[in-house]
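Data first, discussion second: the structure below is written as structure tokens.
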Ligand code: UDX
Ligand code: UDX
């Protein structure tokens, strides 16, 4: 690789679910730029350099292979790469704070700030710094202050460019985003930096989909987008509880309301609850920001989105318990799926974690199956090694179980031979479809007692 021939040197700090795929797409689409990704985690970097990538994402390996060794580099040399970069994307994690003021709600910015300080320390020239991580509104201001108190006479222009990709569809989302959002300061230096970032995306994203705004709008839009998406799920999940009491069918209700073009049909699938690294964290962050500005009612409004999600997870387990004659102690329950959604191995905030723990509290014996997430599941449940079994094969997982619960909407679970699964189970056999992906009537006819979300159960009990 001859570094002199590249038009720009782009660096990304943080080789996670966001940084890795995003930079792989930029590198694949822009062979004229050198794209380097660094991370403090050497094992992760090594995995990015191999064919066994640290994250599972359909199409990602092909994309990485297209550019790796050409203009895409994974490295642990953080300082040297900071020195060389023209543009630095920061994509380190911003988890919910677990200590001190704002614990449990506000974003923990320590990694972001440490990264800003290492940029200041290593830099020898002006740079554009881009917030790729999701951050509280007005963080860019604090970052600019840290970066520009450098004593070296260097100027750092801080921009916000939040990432809206969803896991499982990351490559398609990056290839053809609904929009790219770039927030900058509204002065000459801000506008110049913004134009440089627009130019990167314009290599493959139509210009009309590249939106620009002020920095604060951009930072806030990311939190609000996730809050609105999660709010739709909590809204339909709240209605699923009412459907179960009234013989209405939540899928029919969702379809009927979704046909109204003002409402739209996306994100109306009732489920065991939403998971993932973003929704809960970002809403709680929004709640904290509102509280800190004294906007109590606004904070409470959004906090209820998270509360309904927790309620939905609890309701799911209560339903299992009450349907199975109020005791599941010693009963085997197979969870099909542990990832927070299909097509990913990611289990962060997966409802399956909470459901497993509640089932264990009832002394159930839990057998976990998932095509991609067993390694993460074992790590999530490492404090209960003897109480849980892991079995990749769903047929074996369900053997001698009293109940199956569908936790993730993996396509393969819709194609299983449920008659043969039923034959191997304890009777009466129960099936709880936490994603409403199966043919409930067919399962009932096989002999299962079927409990979907937001629909009348189909049972053989009189
Ligand atoms: C993270 C945040 O969770 C999200 O809010 C933000 O929008 C983007 O970054 P994700 O990529 O899913 O999302 O996180 P993760 O997979 O944990 O990746 C972060 C990476 O940053 C890790 O590989 C971690 O090792 C690295 N990191 C963290 C650094 O390189 N330096 C640090 O100081 C801290
Ligand atoms: C989300 C946002 O979609 C994305 O724009 C942002 O950048 C990061 O957060 P992600 O968490 O990867 O992406 O997945 P998403 O598809 O949004 O699903 C989140 C959770 O909601 C999953 O647990 C999913 O199963 C659940 N969900 C989604 C539902 O329960 N019902 C739905 O109708 C849609």
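Of note:
- Filter result for residue 101 (part of a helix (DSSP H, G or I), more than 16 Å from ligand 2 (Cβ to nearest atom) and assigned by the TED database to the domain that holds residue 166): no
Table: residues versus (1) within 17 Å of the chain's Cα centre (by Cα); (2) within 16 Å of residue 227 (Cα to Cα).
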| position | (1), (2) |
| --- | --- |
| 271 | yes, no |
| 274 | yes, yes |
| 279 | yes, yes |
| 292 | no, no |
| 306 | yes, yes |
| 309 | yes, yes |
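- On the stretch given as region 334-366, residues that are away from ligand 2 (no atom under 16 Å from the Cβ) and farther than 12 Å from residue 407 by Cβ total 8.
- Test result for residue 89, modelled with pLDDT of 95 or more, surrounded by 19 or more Cβ atoms within 10 Å (Cβ to Cβ), under 20 Å from residue 113 (Cβ atoms) and within 16 Å of ligand 1 (Cβ to nearest atom): yes
- Scanning region 251-263 finds no residues that are touching a residue at least 40 places away in the same chain (Cβ under 8 Å), within 30 Å of residue 337 (Cβ to Cβ) and either surrounded by fewer than 18 Cβ atoms within 10 Å (Cβ to Cβ) or within 16 Å of ligand 1 (Cβ to nearest atom) (or both).
- Just one of the listed residues (374, 381) is over 20 Å from residue 413 (Cβ atoms), under 26 Å from the mean Cα position of the chain (by Cα) and crowded, with 18+ Cβ neighbours inside 10 Å, and it is 381.
- Residues that are assigned by the TED database to the domain that holds residue 269, assigned to a helix (DSSP H, G or I), more than 26 Å from residue 164 (Cβ to Cβ) and touching a helix residue (DSSP H, G or I) at 6+ places or on another chain (Cβ under 6 Å) occur at least once in region 244-251.
- The single condition among (1) free of Cβ contacts under 8 Å to residues at least 60 places away in the same chain; (2) surrounded by 18 or more Cβ atoms within 10 Å (Cβ to Cβ) that residue 305 does not satisfy is (1).
- Among (1) within 20 Å of residue 23 (Cβ to Cβ); (2) crowded, with 16+ Cβ neighbours inside 10 Å, the one test that residue 176 misses: (2)
- Selection within region 99-116 - surrounded by fewer than 17 Cβ atoms within 10 Å (Cβ to Cβ) and either within 14 Å of ligand 1 (Cβ to nearest atom) or in contact (Cβ under 8 Å) with a residue 12 or more places away in the chain (or both): 104, 110, 113, 114
- Selection count, region 117-160, where residues are surrounded by 21 or more Cβ atoms within 10 Å (Cβ to Cβ), within 12 Å of ligand 1 (Cβ to nearest atom) and at pLDDT 95 or above: 4
Each row is one residue, and each column tells you yes or no for (1) closer than 21 Å to residue 28 by Cα; (2) touching a helix residue (DSSP H, G or I) at 6+ places or on another chain (Cβ under 7 Å).
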{"position": "122", "(1), (2)": "no, yes"}
{"position": "137", "(1), (2)": "no, yes"}
{"position": "163", "(1), (2)": "yes, yes"}
{"position": "166", "(1), (2)": "yes, yes"}
{"position": "169", "(1), (2)": "yes, no"}
{"position": "182", "(1), (2)": "yes, yes"}
{"position": "188", "(1), (2)": "no, no"}
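- Flag if residue 406 is within 16 Å of ligand 2 (Cβ to nearest atom), under 30 Å from the mean Cα position of the chain (by Cα), modelled with pLDDT of 95 or more and closer than 22 Å to residue 325 by Cα: yes
- Which listed residue is in a loop (DSSP other than H, G, I, E, B) and within 12 Å of ligand 2 (Cβ to nearest atom), from 276, 294, 330: 276
- Only one of the numbered conditions (1) over 28 Å from residue 415 (Cα atoms); (2) out of contact with any helix residue (DSSP H, G or I) (no Cβ under 7 Å at 6 or more places or on another chain); (3) not assigned by the TED database to the domain that holds residue 244 is violated by residue 350, and that is (1).
Results for (1) under 24 Å from the mean Cα position of the chain (by Cα); (2) more than 12 Å from ligand 1 (Cβ to nearest atom), shown as yes or no for each residue.
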position: 21; (1), (2): yes, no
position: 27; (1), (2): yes, yes
position: 37; (1), (2): yes, no
position: 48; (1), (2): yes, no
position: 51; (1), (2): yes, yes
position: 63; (1), (2): yes, yes
position: 67; (1), (2): no, yes
position: 74; (1), (2): yes, no
position: 81; (1), (2): no, no
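The values are calculated or read from the model by the stated rules, or taken from the named source; none is laboratory data. Here the structure is a predicted model, which is why all the values come from computation and not from measurement. Quick reminder, even Gly has a Cβ in these numbers, built from the backbone with ideal geometry, and neighbours come from all protein chains shown.
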